[in-house]
Amino acid sequence: MHFIHLLLIYQTVILTRGYQSMISTLSDFLSGTFRLAAFETKKRSYGSYLGWLWSIMSPLSQIFVFYFAVKYVFKAGRDDLFLWLTSGLAVWNVINTSMVKACNSLLSRRALLQSSNAKMIKLVFADLVAEMFVLAPLYLIAAAISIYYNGIHINLLFVPLLVLTLTFFLLGLGVILAVATPFFRDLPHLMTLGLSVMFWFTPIAYSKVQLSEKLRLILYLNPFTYFVEFSQLTFGAEPMPLWVVVAPILITIVITVMGFWFIEKIGRKMVIIL
């Protein structure tokens, strides 16, 4: 009995140390990532008077331009048009900037990768977190508008899940783009062109109810549509269908697995050709 008791104590100590080591590793990874993200944010706004606020001004100006065009030029839109545009364009802005930046995330740091043990995924994640710093105030604005018009409603409880799902989706996709770019140097240009086209195949400046069934099907071939719609319904007061939540999660799982597989299988070859 004493031997079994000692064995159980030993196993408990080993497991505890293992968990502590895992937590410590995760903590080091996250703290390093956030420091790098903060550095990238400061570097981008270095020398300007408004600094980081310029990153918010661009999407906000885009929201006001679309609001004016849809409401007063095309005489269309919804009663909650400004909230609809804010919640949709906030996600699109992060998708657009993150994907373009991910293409050059590793290529622009070739010297760091070749001379140190810097983790590729940390560099991509840091660039993504820097873009999430822009999403946060836009979502605060959307939440404030939503509460002002609709009160505190249950859809707002999905905000943490939405942010988590979007983060891992962009991380998986960003890793694939970052690793692929050294092999296909024109990928950043193709990505910029492709995103400008895909914007109009995403229901942001218009509602899908205005479209025919065939056109709606085309919209749902675009994976970004699911995240934009998830965001729009989260801040709106409309009922949240189950598929609006499940579809982005399933897409995120697939893209994240692909991203980690991609960086594991091709990442080492990429460092050689940088």
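The values are calculated or read from the model by the stated rules, or taken from the named source; none is laboratory data. Quantities reported herein were computed from a predicted structural model and do not represent experimental measurements. As a convention, Cβ positions derive from the backbone with ideal geometry for all residues, glycine included, and neighbour counts pool all protein chains shown. For the accessible areas, the whole protein counts, side chains as well, though only heavy atoms, and no ligand, DNA or RNA atoms are used. Shrake-Rupley method; radii C 1.70, N 1.55, O 1.52, S 1.80 Å.
Considering only F169, L157, I145, the residue lying farthest towards the positive end of the dipole of the range 117-220 is F169, judged by Cα position with unit charges set on Cβ. Each residue of the range 182-198 was assigned a 3J(HN,Hα) from its phi angle through the Karplus expression (A = 6.51, B = -1.76, C = 1.60, θ = phi - 60°), giving x, 7, 10, 5, 8, 4, x, 5, 5, 5, 4, 5, x, 5, 5, 7, 5 Hz with x at Gly and Pro.
Is the range 130-191 rounded, prolate or oblate when judged by the Cα gyration tensor, a ≥ b ≥ c being the square roots of its eigenvalues, rounded requiring a/c under 1.5 and prolate requiring a/b larger than b/c? In terms of gyration-tensor shape, prolate. Phi angles of the range 225-240 translate, via the Karplus equation with coefficients 6.51, -1.76, 1.60 and θ = phi - 60°, into HN-Hα couplings of 4, 5, 6, 5, 5, 4, 5, 4, 6, 5, 8, x, 9, 6, x, 9 Hz per residue; Gly and Pro are given as x. Let me know the shape class of the range 110-243, please: from the alpha-carbon gyration tensor, a ≥ b ≥ c as square roots of the eigenvalues, rounded when a/c is under 1.5, otherwise prolate if a/b is greater than b/c, or oblate. Oblate. Applying the Karplus relation 6.51 cos²θ - 1.76 cosθ + 1.60 with θ = phi - 60° to the range 253-258 yields 3J(HN,Hα) values of 4, 5, 5, 5, 4, 4 Hz, where x marks Gly and Pro. Across the accessible surface of the range 133-274, with the other protein chains kept in place and a 1.4 Å probe, carbon and sulfur atoms take up 77 percent.
Computed extension length for F184-Y148: 8.2 nm, one decimal, from 0.36 nm per residue of separation with the Cα-Cα distance subtracted. In this rough spin-label picture, where each label sits 7 Å from Cα along the Cβ direction, the W261-N104 distance is 3.1 nm. Put a dot 7 Å past the Cα of V209, heading toward its Cβ, do the same for S58, and the two dots end up 3.4 nm apart.
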